[in-house]
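Each reported figure results from applying straightforward, stated rules to the coordinates on display, with no laboratory input. Keep in mind the model is a prediction, meaning the values are calculated, not measured. With ideal geometry, Cβ positions are generated from the backbone for all residues, glycine too; neighbour counts draw on all protein chains shown.
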Amino acid sequence: MNTIDPGPIWPVECHPSGERWTLVLQRDLAHPPAKVWAALTEPGQLAQWAPFLADRGLGRTGPATLTMIDGEHAEDLSATVQRAEPPHLLVYTWGEDLLRWELAGTATGTRLTLRHTMADRTWVPKVAAGWHLCLVVAGRLLDGDPVPPIRGSEAKNHGWAELDAAYSHELGIPDAETL
């Protein structure tokens, strides 16, 4: 099995949001915002890196279905794209969670900021580790050097546990049970 090197953790924060928690994760990509936007919104590109399959493009508001994939298991979760302002802002619900993708042009490409709001604070480092792996795969796709998507329990084979522990330490959130 080929594994990817996820590299070190990225800038990360966790903030209370009412009775919920928001993970803030940043990644710099060497591509313009329009190219990154396409990777975040087009079903064909999402299928190559995201933890889900989308039943439609996410670049316009309205309902969608995002199907979580874990090996042979698939679970449909309802989603609603609340804001789509290409190529700078994408906000959608995913089940009970809220995802806000912000894309800011930089001198060398795009600073991608994900704000993922969830109910359980102990899941913040785990979610950070999962998105970290997904965004490494997305970066490879954007670079023209694609690798297969990493979804579900397969993440354990690509450094997920180490990333979870590192993000737990960085955020000061004690490690609960592992994935």
(message) With +1 on the Cβ of every Lys and Arg and -1 on the Cβ of every Asp and Glu, and nothing else charged, how large is the dipole of segment 12-171 about its Cα centre, in debye rounded to the nearest 20?
(response) 420
(request) Let me have the relative contact order for the chain, percent, based on Cα pairs under 8 Å that are six or more residues apart. (result) 26
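Once you sort the root eigenvalues of the Cα gyration tensor of segment 75-125 as a ≥ b ≥ c, which label holds: rounded (a/c under 1.5), prolate (a/b larger than b/c) or oblate (the other case)?
Working: a/c = 3.12, a/b = 1.55, b/c = 2.01.
Because a/c hits 1.5 or more and a/b fails to exceed b/c, segment 75-125 counts as oblate.
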(request) Would you compute, for the Cα atoms of segment 71-179, the largest minus smallest coordinate along each principal axis and list the three values in descending order, in whole Å? (result) 38, 34, 32
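Give, as a single signed number, the net charge of other residues whose beta carbon lies under 13 Å from the beta carbon of L46, with Lys and Arg counted +1 and Asp and Glu -1.
Details: positive: R56, R151; negative: E42, D55.
In short, 0.
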(request) Give me the number: length gained by fully extending T80 to T67, i.e. 0.36 nm times residue separation minus the C-alpha to C-alpha distance, one decimal in nm. (result) 3.4 nm
(request) Have a look at H73, H88, H158 and tell me which one the Gaussian network model of the chain (Cα, springs below 10 Å) gives the largest fluctuation. (result) H73
(message) Tell me which of V147, A107, Q26 sits at the most positive position along the dipole axis of segment 12-171, charges placed on C-beta atoms (Lys, Arg +1; Asp, Glu -1).
(response) A107
(request) For segment 66-109 and segment 139-157, compute the distance between their C-alpha centroids and round to whole Å. (result) 17
(request) Rounded to the nearest 500, what is the 222 nm mean residue ellipticity of the chain from helices alone, with -39500 (n - 2.57) per DSSP H run of 4+ residues and division by all residues? (result) -7500 deg cm²/dmol
